[in-house]
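Q: I have a structure here, written as structure tokens, and I will follow up with some questions on it.
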Ligand SMILES: *[C@@H]1O[C@H](CO)[C@@H](O)[C@H](O)[C@H]1NC(C)=O
């Protein structure tokens, strides 16, 4: 009898859990103002948001929670990620579809004033010659090596007045980040030699950074270095202090090459947690150059009792943001760039709940942000990227709830 009651109880709990989980993936139907946005032309970008406008006096620096120019005008990072150079093919996506100058114009027309450009250490170490068909819309790049194509893509952006932040994404050139301990941090030489195909020490990680950034010393629109994507350690065990010390070392070495660069330091645990920066802030040799970065996805937050962000109420979500990183912004301590977040074109209820909470909060604090990502395809197997903001032609924008909210964010429309 007791066993039967227990079995019933477990069965009921499983059923409730199953129903809560399936509720998250029920398709979400666009709201009327989202539908209206998608039927109208995209508003023209605000020219004064771009660094080439003439209103800004470079270099940039930080002041409290903001990134500002030499006259203390705020430059708000409204960024998008353009990936590919950190993946299997070593080349930014879309160069086989459009000239890089056209891709830069697409990004500018969407209103983004800056781009996060990820690279893999393997790209720097191997620096392979890129097969011509991967850059077929850029004939002048045919036969060049990966690093030169990366540099040419960055220059296409800065020539279009778009600021660029270079990002060291991963050691092995592949989609980031699986459970592979070889890519769980900036160095992997503590692991057995046979374990990692691509090995690097902390010193080599910094040397790769120096190789890449040396190419941009004379380009004032390359504004900074995002030192490492989502350091996590084995199963999320990376201590903040260890990462902060390594970040200071790398940051100071880059500031020796050019003291004008912003140094961006991401949180631990998939980029979420900057809680440790309260008692152990990153301190660089050049003042007012440190920007923190946090990543926020619908599946983050799973370690806590309140669950993943796809399920949270707004108050619970905001509490997590404040605890993890937003205290730095709200208390005017340091800028935090939300350098990765994103959602699919056909969201479920869970995606939509996460997105609505996140964008409402980002608008309320007028945040620096970077959407993941512009690319319509993933490099591996040319898989469709549901987070994309453009169609396969790299020109036609996808105007849905995501661009609507980001356009409002870019235009500084405040909500409470
Ligand atoms: C700067 O922005 C203003 C306002 O958006 C615009 O009128 C002006 O033409 C821009 N100047 C340049 C040099 O782009």
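The values are calculated or read from the model by the stated rules, or taken from the named source; none is laboratory data. Predicted model, so just to flag it, every value in this text is computed and none were measured. Every residue, glycine as well, gets a Cβ built from its backbone with ideal geometry; the counts of neighbours run over all protein chains shown.
Q: Filter region 210-235 for residues that are without any contact (Cβ under 8 Å) to a residue 60 or more places away in the chain, in a helix (DSSP H, G or I) and touching a helix residue (DSSP H, G or I) at 6+ places or on another chain (Cβ under 6 Å) and give the result.
A: Across region 210-235, the qualifying residues are 213, 234.
Q: Name the one entry in 142, 120, 104 that is in contact with a strand residue (DSSP E or B) (Cβ under 6 Å, 6 or more places away or on another chain) and either away from the ligand (no atom under 16 Å from the Cβ) or closer than 26 Å to residue 392 by Cα (or both). Before the answer, list the steps.
A: On the way: 142 fails: in contact with a strand residue (DSSP E or B) (Cβ under 6 Å, 6 or more places away or on another chain); 104 fails: in contact with a strand residue (DSSP E or B) (Cβ under 6 Å, 6 or more places away or on another chain).
Result: 120 is the single residue among 142, 120, 104 that is in contact with a strand residue (DSSP E or B) (Cβ under 6 Å, 6 or more places away or on another chain) and either away from the ligand (no atom under 16 Å from the Cβ) or closer than 26 Å to residue 392 by Cα (or both).
Q: Right, another one. Would you be able to tell me the number of residues in region 70-85 that are within 14 Å of the ligand (Cβ to nearest atom) and either at pLDDT below 95 or surrounded by fewer than 20 Cβ atoms within 10 Å (Cβ to Cβ) (or both)? Spell out how you get there, then give the answer.
A: Here is the first cut: in region 70-85, the residues within 14 Å of the ligand (Cβ to nearest atom) are 73, 75.
Narrowing further to those that are either at pLDDT below 95 or surrounded by fewer than 20 Cβ atoms within 10 Å (Cβ to Cβ) (or both): 73.
Summing the residues that are within 14 Å of the ligand (Cβ to nearest atom) and either at pLDDT below 95 or surrounded by fewer than 20 Cβ atoms within 10 Å (Cβ to Cβ) (or both) in region 70-85 gives 1.
Yes/no per residue for (1) part of a helix (DSSP H, G or I); (2) over 29 Å from the mean Cα position of the chain (by Cα); (3) in contact (Cβ under 8 Å) with a residue 24 or more places away in the chain:
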residue	(1), (2), (3)
3	yes, yes, no
6	yes, yes, no
13	yes, yes, no
30	no, no, yes
34	yes, no, yes
43	no, no, yes
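Q: For region 269-296, give me each residue that is at pLDDT below 95 and outside any helix (DSSP H, G or I).
A: Residues satisfying the conditions are 272, 273.
Q: When residues of region 382-402 are filtered for being part of a helix (DSSP H, G or I) and either within 18 Å of residue 41 (Cα to Cα) or touching a residue at least 24 places away in the same chain (Cβ under 8 Å) (or both), how many remain? Reasoning before the result, please.
A: Narrowing region 382-402 to residues part of a helix (DSSP H, G or I): 382, 401-402.
Now drop any that are not either within 18 Å of residue 41 (Cα to Cα) or touching a residue at least 24 places away in the same chain (Cβ under 8 Å) (or both), which leaves 401-402.
Number of matching residues: 2.
Q: Hey, another quick one. Of the residues that sit in region 47-66 and are closer than 18 Å to residue 219 by Cβ and outside any loop (DSSP other than H, G, I, E, B), which one is farthest from the ligand (Cβ to nearest atom)?
A: Here is the first cut: in region 47-66, the residues closer than 18 Å to residue 219 by Cβ are 50-54, 56-61.
Subsequent filtering for residues that are outside any loop (DSSP other than H, G, I, E, B) retains 51-53, 61.
Values: 51: 10, 52: 6, 53: 4, 61: 21 Å.
Step by step, filter region 47-66, then rank; the result is 61.
Q: Another question, then. Can you name every residue in region 70-127 that is assigned to a helix (DSSP H, G or I) and farther than 24 Å from residue 207 by Cβ? Walk me through how you get there before you give the answer.
A: Taking region 70-127 as the starting set, the residues that turn out to be assigned to a helix (DSSP H, G or I) are 100-109, 121-126.
Hits for region 70-127 are 100, 101, 102, 103, 104, 105, 106, 107, 108, 109.
Q: Right, something else. Looking only at residues in region 1-54 that are exposed (fewer than 10 other Cβ atoms within 10 Å of the Cβ) and farther than 30 Å from residue 351 by Cβ, which one is modelled with the highest pLDDT?
A: 54
Q: Looking only at residues in region 100-114 that are without any contact (Cβ under 8 Å) to a residue 60 or more places away in the chain and in contact with a helix residue (DSSP H, G or I) (Cβ under 8 Å, 6 or more places away or on another chain), which one is surrounded by the most Cβ atoms within 10 Å (Cβ to Cβ)? It would help to see each step written out before you state the result.
A: In the first step, residues of region 100-114 are kept if they are without any contact (Cβ under 8 Å) to a residue 60 or more places away in the chain; the result is 100-101, 104-105.
Okay, now just the ones that are also in contact with a helix residue (DSSP H, G or I) (Cβ under 8 Å, 6 or more places away or on another chain), so 100-101, 104.
Numbers: 100: 26, 101: 14, 104: 23.
Among residues in region 100-114 that are without any contact (Cβ under 8 Å) to a residue 60 or more places away in the chain and in contact with a helix residue (DSSP H, G or I) (Cβ under 8 Å, 6 or more places away or on another chain), the one surrounded by the most Cβ atoms within 10 Å (Cβ to Cβ) is 100.
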